[in-house]
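A short write-up of the structure that comes next.
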Amino acid sequence: MANQMHDQLVKDFMAQVIAKNQGEVEFHQAVEEVVESIIPFIEENPKYKAAKILERCVEPERVILFRIPWVDDKGEVQVNKGYRIEMNSAIGPYKGGLRFHPTVTLGMLKFLAFEQVFKNSLTTLPMGGGKGGSDFDPKGKSDNEVMHFCQSFMSELFRHIGPNTDVPAGDIGVGGREIGFLFGQYKRLRNEFTGVLTGKGREWGGSLIRPEATGYGQVYFAEEMLKTRGDSLKGKICLVSGSGNVAQYATEKATEMGAKVVTMSDSAGFIYDPDGIDAEKLAYVMHLKNVKRGRIKEYADKYGVEYFEGKRPWGIKCDVALPSATQNEIDGDDARTLINNGCFVVSEGANMPSTPEAIAIYMENRILYGLGKAANAGGVATSGLEMSQNSLRLSWTREEVDGRLHQIMKDIHETCKKYGTEEDGYIDYVKGANIGGFVKVADAMLAQGVV
Ligand code: NDP
Ligand code: 2IT
């Protein structure tokens, strides 16, 4: 009975969201996953219902849209779209990454900003949620073109952000190089050296471990999940997708913890190395991707392993899947294949990499499923630690930052357990993370009145 009523409430709520945000399919998907967990909770806690907290949470506090004109190496004028979604500032300044990718749209960034609100709340640090970016494609662009683009992007964004207002960072297509160009332009325009971005270089205010943090945190979270079954990563076969920032450090940490990572990918295909991607091979990948900006296929040529053009890695037999590339990269068929091959842990480095059908299959099969907003929160958590160090004008050691990151991932796991443990003992991390993330934001919104 209660279930039927909740299903109807979710349907009604989603009908409104879809009508008011037409065509924003990724945003609808992200909202639906959260409201499925939250609506039953709100029914038990009517104070949130009366204050229309959920209705307010799906409306960004502010959306900034702008033109980014720039000149390429041939002297031709190019124009891109720029965005910043300031989603929710109830518990701290807006915080979240910038994505530069040709698929970026308003709806894509609203999904990411919405997820970010609950993720940031889960970290226990005082950060609101935001996300931004552009449809600019950094692939094939020279350093000079990327710099001119970043300078033009910041020439508009600078008036909307600040260390106590909105603090962007990296995401797909935005790494150390881009953060450097963006920071340089912000400093020039404001005449202020301040912690307005995270993921900065070590010499100019960056935190140790921030580059590693998302992938390390994702692996720490997998280990915490395994512990609930008296198990560990030692000896496990892992599939990693992607070969960017998150994938590289997930591979490093999983290997350090005794697992064997046998795949990495990019948007063109994946490599399968049954001997495992050890530290030396990973150093090759890092140089290939971060310096040469080449394709993962080159790994197969160098090490004489198989390359699967146009394919994703989920058909390879494994114990643990670490999706670390992009949204909706594991569909229902992939999920079934993974489980039929013995996979029983999925820890998400990417944001929303599993489709709703894939998630339903994980749940039916009672596998350990750590969704992105819990499992990949280590990145933004360490951004929060970078903000603290900037405010203190201090820098902590590697051990100190890594220790805090590790503890935060354990705490997030505890929160998921607290709100997500079912009667039979199974931990529903989706429910746990969504409710755990929601409560703090909702209580802050209640305290601050109708704003
Ligand atoms: P990078 O740009 O460093 O790497 C992205 C990787 O994913 C590349 O290998 C890229 O391949 C691949 N990829 C991107 N888009 C697609 C696509 N549409 N189809 C197939 N492959 C694709 O990004 P990050 O490693 O920073 O981000 C990866 C994921 O992790 C994203 O979902 C991001 O939102 C999430 N995340 C990142 C955090 C961070 O701190 N950076 C924090 C939390 C989550 P190619 O080079 O061919 O495009
Ligand atoms: O999705 C994410 O959490 C990020 N891209 C990192 C955001 C941040 O502010 O560090």
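For the peptides 404-410, 379-385, the ranking by mean Cβ contacts within 10 Å, running from highest to lowest, is 379-385, 404-410. When only Cα pairs below 8 angstrom with a gap of at least 6 residues are kept, the range 76-128 shows a relative contact order of 48 percent. Relative contact order of the range 115-203, taken over Cα pairs closer than 8 Å and 6 or more residues apart, is 26 percent.
Under the convention that each Lys and Arg Cβ holds +1 and each Asp and Glu Cβ holds -1, the size of the dipole of the range 278-434 around its Cα centre is about 600 debye. Using the Karplus relation 6.51 cos²θ - 1.76 cosθ + 1.60 with θ = phi - 60°, the per-residue 3J(HN,Hα) values for the range 283-295 come to 4, 5, 4, 5, 5, 4, 8, 8, 10, 6, 6, x, 9 Hz, with x marking Gly and Pro. Under the classification rounded if a/c is under 1.5, otherwise prolate if a/b is larger than b/c and oblate if not, where does the range 308-386 fall, given a ≥ b ≥ c as square roots of the Cα gyration tensor eigenvalues? Because a/c hits 1.5 or more and a/b exceeds b/c, the range 308-386 counts as prolate.
Considered as an equivalent ellipsoid built on the Cα gyration tensor, the chain has semi-axes of 30, 29, 21 Å, the largest given first. Within the chain, what's the longest run with no chymotrypsin sites (Phe, Trp or Tyr not before Pro) in a DSSP loop and at most 14 other beta-carbon atoms within 10 Å? Give the range, please. Here the longest segment lacking exposed loop sites spans 194-425.
Exposed loop sites, defined as GluC sites (Glu not before Pro) outside DSSP H, G, I, E and B with at most 15 other Cβ atoms within 10 Å, are absent from the longest region of the chain, namely 193-421. Between the amide H of Val174 and those of Phe100, distances stay under 5 Å, these residues lying 5 or more places away or on another chain, with hydrogens modeled in the peptide plane. Rounded to whole numbers, the Karplus 3J(HN,Hα) couplings from phi for the range 356-366 are x, 5, 4, 4, 4, 5, 4, 5, 4, 8, 6 Hz, using 6.51 cos²θ - 1.76 cosθ + 1.60 with θ = phi - 60°, and x at Gly and Pro. Each semi-axis of the equivalent ellipsoid for the range 311-451 is √(5λ) with λ an eigenvalue of the Cα gyration tensor; in descending order they amount to 30, 20, 14 Å. Each Lys and Arg Cβ is given +1 and each Asp and Glu Cβ -1; about its Cα centre, the chain then shows a dipole of about 1180 debye.
Taking the Cα atoms of the range 398-451, the ratio Rg/Rh between the radius of gyration and the Kirkwood radius comes to 1.14. Residue-wise HN-Hα couplings along the range 314-324, as the Karplus relation 6.51 cos²θ - 1.76 cosθ + 1.60 with θ = phi - 60° gives them from phi, are 6, x, 7, 5, 7, 9, 10, 10, 10, x, 9 Hz; Gly and Pro carry x.
The modelled label-to-label distance for the pair Glu298/Asn3, using points 7 Å beyond Cα in the direction of Cβ, is 5.3 nm.
Bear in mind these aren't lab numbers, they're just calculated from the coordinates by the rules spelled out. In this text the structure is predicted, and so the values were computed from the model without any measurement. Every residue, glycine among them, receives a Cβ derived from its backbone with ideal geometry; neighbour counts consider all protein chains shown.
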